[in-house]
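Engineer: Here it is: the structure, laid out below.
The values are calculated or read from the model by the stated rules, or taken from the named source; none is laboratory data. Note that the coordinates shown come from a computational prediction; the quantities given were computed from them, not determined experimentally. Note that we place each Cβ from the backbone using ideal geometry, even for glycine, and neighbour counts take in every protein chain shown. SASA here: full protein model, heavy atoms, side chains in, ligands and nucleic acids out. Shrake-Rupley method; radii C 1.70, N 1.55, O 1.52, S 1.80 Å.
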Amino acid sequence: MRKVLLLLAWNLGVVASAGGREPPAGTGLNAAPLGRVVEVQQVPGVPVDEAAGTFFNFPAHTRLVLNRPGERWKASYAGDQPPAYIALYPVDALLGQFPQRGPNTMYREVVKRLNALRNLQPAEQLARPLPYFPVPNAFQAVSGAARVIRTPTFRGVRYLTIHSQEAGVRFPREAVEYTFQGLTTDGRTLISMHVPYPVAALPSRAALDTAKAWALAPYPGTLDSPEGRAFKKRNADYLADLQRTFDAQDTARQMRALDAALESLRVR
């Protein structure tokens with residue numbers, strides 16, 4: 001059986017690479033709809049550094065790097081992430097990564113996000129911010145095109161999103177990401193997919209730089225003022241329009257290709 005699974009992985013363009021031990025045989029997906037090649041890696045864990053605060057660190061896990069043909073991504077430092085990938089985190093290892101169980105700890109944040117996936121609601125009822133791993137050092141500025149995806153192996157939510165540390169700014173198309181966040185049906189593995197999804201309706205980073213058009217409006221001296229309230233409304237209107245733009249991508253060709261690749265995922 002192991003030989004059969006390895007042959008299946010090879011036929012789908014999956015290359016196994018060691019990062020401490022071999023990845024599970026047969027783990028892979030068909031990346032042909034994306035024009036990409038998959039490399040399956042076993043990623044060593046990054047220990048928790050309490051002095052660094054509540055930033056997300058990785059337990060040992062399996063990662064499927066989605067390389068472009070002729071390219072092979074390599075990590076520059078411990079915890080580095082590829083531009084496009086799927087991470088498969090063992091849930092027990094994820095929870096064990098953050099032993100602190102008091103208030104306002106990363107453990108509580110991880111549990112909250114896992115519970116949102118365990119108790120997954122229909123897409124139109126999902127509360128914002130949508131579940132997301134790894135936990136970013138930023139807020140979910142906008143999300144859209146949310147759809148619950150179920151297969152015999154896993155279930156979860158896919159959507160487009162932008163994470164940011166700023167408000168009142170325009171976002172470039174390069175900031176948009178397709179993501180899927182889900183759990184295997186046995187609840188033992190968290191699936192986290194990340195692929196850039198440049199939306200043509202948004203300006204490029206270069207265009208915003210050239211036009212010096214990053215700010216929606218001058219930042220007011222205080223938000224508790226007529227100018228501040230107008231600023232907040234303008235930002236809210238911008239984000240609402242951005243969500244509608246994302247929602248319009250729900251059945252776009254690029255989205256369907258990403259969904260097809262995701263649905264072919266095999267977890268061993």
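Engineer: Once both axes come from the Cα atoms, what is the angle between helix 226-247 and the longest principal axis of the chain, in degrees from 0 to 90, rounded to 10?
Structural biologist: Once rounded, the angle reads 40 degrees.
Engineer: So what is the relative contact order of the range 49-177, in percent, for Cα pairs below 8 Å that sit 6 or more residues apart?
Structural biologist: Relative CO of the range 49-177 lands at 17 percent.
Engineer: Still on this structure: If only Cα atoms are counted, what is the Rg of the range 95-185, and what is its Dmax, in Å?
Structural biologist: Final numbers for Rg and Dmax: 14.2, 42 Å.
Engineer: In Å², what does the accessible area per residue of the range 33-143 work out to with a 1.4 Å probe?
Structural biologist: Counting only protein heavy atoms, the per-residue value for the range 33-143 is 51 Å².
Engineer: Also, quick follow-up: Angle check, please: helix 2-11 long axis (alpha carbons) against the longest principal axis of the chain (alpha carbons), in degrees 0 to 90, nearest 10.
Structural biologist: So the helix axis and the longest Cα principal axis differ by about 50 degrees.
Engineer: Which whole-number percent is the relative contact order of the range 116-268 (Cα, under 8 Å, 6+ apart)?
Structural biologist: Once divided by the residue count of the range 116-268, the mean separation gives 21 percent.
Engineer: What order, most packed first, do the peptides 122-133, 179-190 have when packing is the mean number of other Cβ atoms within 10 Å of each residue?
Structural biologist: So the peptides 122-133, 179-190, ranked by packing, come out 179-190, 122-133.
Engineer: Checking the cross-link filter: which aspartates and glutamates have an alpha carbon closer than 15 Å to that of Lys74, excluding same-chain neighbours under 8 positions apart?
Structural biologist: Partners found: Glu39.
Engineer: Out of all Cα-Cα pairs in the chain, roughly what percent, to the nearest whole number, are more than 31 Å apart?
Structural biologist: Roughly 30 percent, rounded to a whole number.
Engineer: Can I ask one more? How large, in percent, is the carbon and sulfur part of the accessible surface of the range 129-198 at a probe radius of 1.4 Å?
Structural biologist: After summing per-atom areas, the C and S share lands at 46 percent.
Engineer: Let me know the Rg and Dmax you get for the range 57-146 when you use only its Cα atoms, in Å.
Structural biologist: Reported Rg and Dmax, both Å: 15.2, 47.
Engineer: Using all C-alpha to C-alpha distances in the range 130-244, build P(r) with 5 Å bins and read off the rounded percent in each one.
Structural biologist: Taking every Cα pair in the range 130-244, the percentages come to 2, 11, 17, 20, 17, 13, 9, 6, 3, 2, 0.
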